[in-house]
Amino acid sequence: MNKKIRNLAGAWALGLTVLLSAGLAGCGNTALEEEVQRYAWPLGTASPEDTVTQIYAEKFAEEVSRLSGGKMKIQVYPNSTLGGDRELLETCKDGDIPFVVQNTAPQVTFLPDVAIFDMPCMFDTIEEVREKVDDETFYGLMEEVYRDGGYKLLGYADQGFRVMSTNKTITAFGDFKGQKIRTMENSYHLNFWKALSAAPTPMTFSEVYIGLQQGTIDAQENPYEVIVSNRLYEQQNYVVETNHLPHLLSLIVSDRFFGELPEEKQEILLEAAELAREEARAASDVRISDKIAEIEASGTQIVTLGEDLREQMREASRPVYDAIREAVDDTIVDAYVE
């Protein structure tokens, strides 16, 4: 643990001690009402401030404060202030940084069953995705996955789907062939684009804009919010709504930290998480519409794929489905695809 995180962890741990003991100095039986949390619990993200991730985190912190009458406080630290995705996961599990909001993709290394969300072309609308991740049976299975890893899952929001930007329009399945598309270093993502006959190229995200500008790559894939915030559309003629994967955002808390809280505080966190989830999803829908308008105003064209082409993409993805089924618990796969 680096020095910054160690000092911060010590500060909020002291605050928790004050919170739990402040009421004991009184002579009545209203300890909860007497509590004063002197230090805010940290919530870390690796995302910039102007994102749905930040909206999700800030709304959660706001609702925790409101529902507790100001007695429970959370401070949001965006932009990898407390570490990148991997470091945040490690410190959250240890309980040093109790709360984290992040995309599910970095979690696969720690929680292999989270690879279920790498199954491509499973959903046609984001409403279907939300209905699935909120489904009581499926959500319960994912809660167990996170709990076994040392985390308590508090919910999923999203940034819509991941889409493709390119300089060559896609109107038929053969148009994917040979396109050099930047992807994350994720075997399922790589194999999906290979199945479409594209040429996937893992690349550090900071190099993507220059890669597009210099022609090192032809295309990339990300949610609309990332495409616009990093102005990737400036180097592309088309944004193709492949909608191949949902870009899910998970809100998690250290399971040990959560389990040590009194039940009434746990209930506040759960209720706040539900309210924050709905706020983040609504914000995502509005922001996607705004991002599309900004892209179109620049002259870059939005391409919507027909159902026949999407069905061809699904059929080509079968080897990826098989690989994920081998890596992920069958019960989870069945609950996801049913």
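Give region 141-159 a look and list any residue that's closer than 30 Å to R310 by Cα and open to solvent by less than 20 Å² (accessible area, probe 1.4 Å), or say none.
At the first step, the residues of region 141-159 found to be closer than 30 Å to R310 by Cα are 141-142, 155-159.
Correct list: M142, G155, Y156, A157, D158, Q159.
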Exercise for the section: Taking V64 as the residue in question, decide whether it is closer than 30 Å to D322 by Cα, of a type in the set (A, V, I, L, M, F, W, C) and in contact (Cβ under 8 Å) with a residue 12 or more places away in the chain. Expected result: no
Handout entry: Residue selected from region 175-189 under the condition in a helix (DSSP H, G or I) and over 25 Å from the mean Cα position of the chain (by Cα), by the criterion surrounded by the most Cβ atoms within 10 Å (Cβ to Cβ)
Key = F176
Practice task
Kindly check whether there is at least one residue in region 320-337 that is more than 23 Å from F138 (Cβ to Cβ), open to solvent by 60 Å² or more (accessible area, probe 1.4 Å) and not in a strand (DSSP E or B).
Solution key: no
Exercise for the section: Return the total of residues in region 298-310 being in a helix (DSSP H, G or I) and open to solvent by 90 Å² or more (accessible area, probe 1.4 Å). Expected result: 2
Practice task
Taking F192 as the residue in question, decide whether it is touching a residue at least 24 places away in the same chain (Cβ under 8 Å) and open to solvent by less than 60 Å² (accessible area, probe 1.4 Å).
Solution key: yes
Problem - Residues located in region 246-279, provided they are open to solvent by less than 10 Å² (accessible area, probe 1.4 Å), out of contact with any Ser or Thr (no Cβ under 8 Å at 6 or more places or on another chain) and either in a strand (DSSP E or B) or modelled with pLDDT under 95 (or both) - result: L251, I252, V253, S254
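Could you tell me which residue of region 135-174 is nearest to the chain's Cα centre (by Cα), considering only residues that are charged (D, E, K, R) and within 30 Å of Q220 (Cβ to Cβ)? Spell out the reasoning first.
Step one: filter region 135-174 for residues charged (D, E, K, R), giving 135-136, 143-144, 147-148, 152, 158, 162, 168.
Next, only the ones that are within 30 Å of Q220 (Cβ to Cβ) stay: 158, 162, 168.
Numbers: D158: 6, R162: 12, K168: 29 Å.
In this case the residue turns out to be D158.
Pick from region 196-244 the residues that are in a strand (DSSP E or B) and charged (D, E, K, R): which of them is most open to solvent (accessible area, probe 1.4 Å)? Before you say what the answer is, go through the steps one by one.
So in region 196-244, the residues in a strand (DSSP E or B) come out as 199-202, 219-223, 238-244.
From the residues that got through so far, the ones that are charged (D, E, K, R) too are 221, 241.
Working: E221: 2, E241: 40 Å².
Out of the qualifying residues, it is E241.
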Handout entry: Failed item in (1) out of contact with any strand residue (DSSP E or B) (no Cβ under 6 Å at 6 or more places or on another chain); (2) of a type outside the set (D, E); (3) under 22 Å from R314 (Cα atoms), with T104 passing the rest
Key = (1)
Exercise for the section: Working only within region 65-83, note down all residues that are of a type outside the set (K, R), open to solvent by 30 Å² or more (accessible area, probe 1.4 Å), at negative phi and part of a loop (DSSP other than H, G, I, E, B). Expected result: T81
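The values are calculated or read from the model by the stated rules, or taken from the named source; none is laboratory data. This structure is a prediction, so every number in the text was calculated from the model and none was measured. Positions of Cβ are backbone-derived with ideal geometry, glycine not excepted, and every protein chain shown enters the neighbour counts. To get the accessible areas, we keep the full protein, side chains included, count just its heavy atoms, and leave off ligands, DNA and RNA. Shrake-Rupley method; radii C 1.70, N 1.55, O 1.52, S 1.80 Å.
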